[in-house]
1. Quick one: 3J(HN,Hα) in Hz for the stretch B:223-230, Karplus 6.51/-1.76/1.60 with θ = phi - 60°, rounded, Gly and Pro as x.
2. With unit charges on the beta carbons (Lys and Arg positive, Asp and Glu negative) and the dipole taken about the Cα centre of chain A, which residue among A:F249, A:Y329, A:I69 sits farthest to the positive side?
3. In 10 Å bins starting at zero, report the fraction of Cα pairs in chain A per bin as a rounded %.
4. Using a 10 angstrom cutoff on alpha carbons, build the Gaussian network for chain A and name the most mobile of A:T140, A:T343, A:T334.
5. Give me, ordered by chain and number, the residues 5 or more places off B:T16 or on other chains with an amide H under 5 Å from its own placed amide H.
6. I'd like the distance between the alpha-carbon centres of the stretch B:1-17 and the stretch B:223-280, rounded to an integer number of Å.
7. Please report the antiparallel percentage of the DSSP beta bridges confined to the protein assembly as shown, to the nearest 5.
8. Can you give me the relative contact order of chain B as a percent, contacts being Cα pairs under 8 Å and 6 or more apart?
Amino acid sequence: MEIRIDNRRKIAFPRISHYGYAIKYIVEQGLGAEYVLLPPATKKTAELGSKYSPDYACAPFKHSLGSLIEALEAGAEVLVETGGLCRLDYYGALQKEIIRELGYKCEFINLAEYMSGKKKEWLKLARHLSPKLKPARFTTGAYEGVKMAEYMDEIEAVYYQNAAFETEKGSYRKAYRKFLLKMQTAEDWQEIRAGYQEVKQAFDGIGMRKPERPVRIGVVGEYFTIMDEHSNQFLQEKLVRLGASVHRFLNVTNCHFRAKEPTLRPRIKAYADYNMGPTTTWTVNAALDYAKQGFDGIIHVKSFGCTPEMDAIPLLQNISRDYRIPVLYLSYDTQESDTGLDTRLEAFYDMLERKKKVMR
Amino acid sequence: MKKKAYLGIDIGSISTKGVIISEENEFLAECYLWTEGNPMQATKNVLCRLKEQFDDAGYRIVASGTTGSARKLVGSMIGAQVVKNEITAHAVGTTTLHPDVRTILEIGGQDSKIICVENGVAVDYAMNTLCAAGTGAFLSSQAHRLGVAVEEFGEIALRAKKAAPIAARCTVFAESDLVHKLQVGCPKEEIIAGLCKAVAGNYLNNVAKGKKIAAPVVFQGGVSKNAGVVRMFEEELGMPVLVDERGHLMGAFGIAVLAGEQQEDAGFSFDVADMEFRTREIICGKCANHCEIICVYRESRLIDSWGNRCDNGAVS
């Protein structure tokens, strides 16, 4: 017999990059429920997801379904899936069906149904998940969780931009991992703040041998695959190991809290007049920004068959031509082997590096 | 004193190429063999052939490099100083021999790529993704179906009055078009010309999509030996397409040049051709990721291993 020592409901959300820690914080500190935090995804997650997915669904569907099934196996009672601006909006409904047909007993909350709803509906949902909810506590918790996500995005960006140039190998990684662990276990605002300040200090103390003009690569593309390093086969880490300074504009902070789509659109007017889909404006805007800043190359990342990002490709080709900046296009499904990716990245980096040496 | 020489080996999916070059980038020895699914044996054979041609008294190999899809394995086998991808090797090789080149087209056994060059340095490249349509392997399998040797393809294609229309988009569609044409009695040479056109068309529509193709154009890789494909490229592009007679050795040449560039005198011995090498694949069980780790043994002693994503899987 199972012995329950606390009667909070166990809530799970599909894995996406490091954001699980912030969601955990909001669920546990704000909502007052329990969050099922999964260990990092493995090959098995993708296998599990692919096995029960329609073949034509995009890779993010498979990865998130794999995560949800693993969460159920880990004891989750309530699954939460988000909605979005592309096919993602239908994914919750489909995943709910698939999970029900697999015979799992759980409650499935599809946020797509709430996206256009009123605030009252959201509050009702929060009350439903946690009957003893304190609205003030929830607001604070949500705010602090969002702040944590912002800190993680900021630190991650610093990491990928600089880690290639450390004098002592692995020092950036060590500090970064320690920070993520702090965020994972943080239970109040002081802990979040302390972790953030600590990693900033640690980063500042790392010896650097940064060349005057390092190879700079900008990564642009589809929301999930670009952020979730397991889905993109550790693309940014691989580039860092080759020796590049890697920049990525698209993250939760920039996408949801800072740069709104209508404010970005005028900036890409020369290439597009209207919004083409969930992250296309961000993709084109970031690529244009990198081109104008004189970056050495751009890598475009998408899951195979992602229509909105496919629409962005002709625009990127125009930017590539106008600013004479090479663009490498990568399409991800649930690949087994890293070899093909390694070859392409190495060739891309070598090309940029040699070019830099010759064309001064 | 003996003059310096550099060894380069390019181990592709279909063929294995080896060259030895002097400091002035002259070819001292060269060899081209089928890989036959056994890169280690192919490398040994290539080394034996190179040894026969090599002037031992006048030159000394001071550095070596490997490229191609088995570069890592063969690199640790011969102890190469430079192990680099084939795109870099091809770009370096071609720009060394043809400093004025602007576009490099390359179609190999399993892959195809385009490299754009400005001022003698690669500035952009693309490589086929997902599908091997329009590569050498496709032509070989269709040659087999038609009962002709793939080496004769070019010659037969040039004899055709016109090219049969064959879908270039995808290998599977191309194949069903081809069967259909055969069954309605279309002459073989027209079909072969159609296949050559399909390969060129597929390449330009997929790999070279969105890339500016400027003259001079150099075409290389195994398929460049096919005169039919060369002519189709010239027709489609409306500009001459240069095929170097050593185009098939360009990757090996490029990696030898790179080995020379890195100024390290490491030496090389042909003895490796007589040693016994073995690889073993182990599945790491330390986490659910189950990394496949490749271990390379020389004379039963572990010399290299790779494939682990984290330090837990390190083999020593």
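1. Working through the residues one at a time gives 5, 5, 6, 8, 5, x, 5, 4 Hz.
2. Farthest towards the positive end: A:F249.
3. Histogramming chain A at 10 Å steps yields 5, 22, 32, 27, 11, 2, 0, 0 percent.
4. A:T343
5. Here B:L33, B:W34, B:T35 satisfy the definition.
6. 9 Å
7. The answer is about 50 percent antiparallel.
8. Normalised by residue count, the contact order of chain B is 21 percent.
Read-outs throughout are calculated quantities, based only on the coordinates presented, and are distinct from any laboratory measurement. In this text the structure is predicted, and so the values were computed from the model without any measurement. Glycine also receives a Cβ, built like all others from the backbone with ideal geometry; neighbour counts cover every protein chain displayed.
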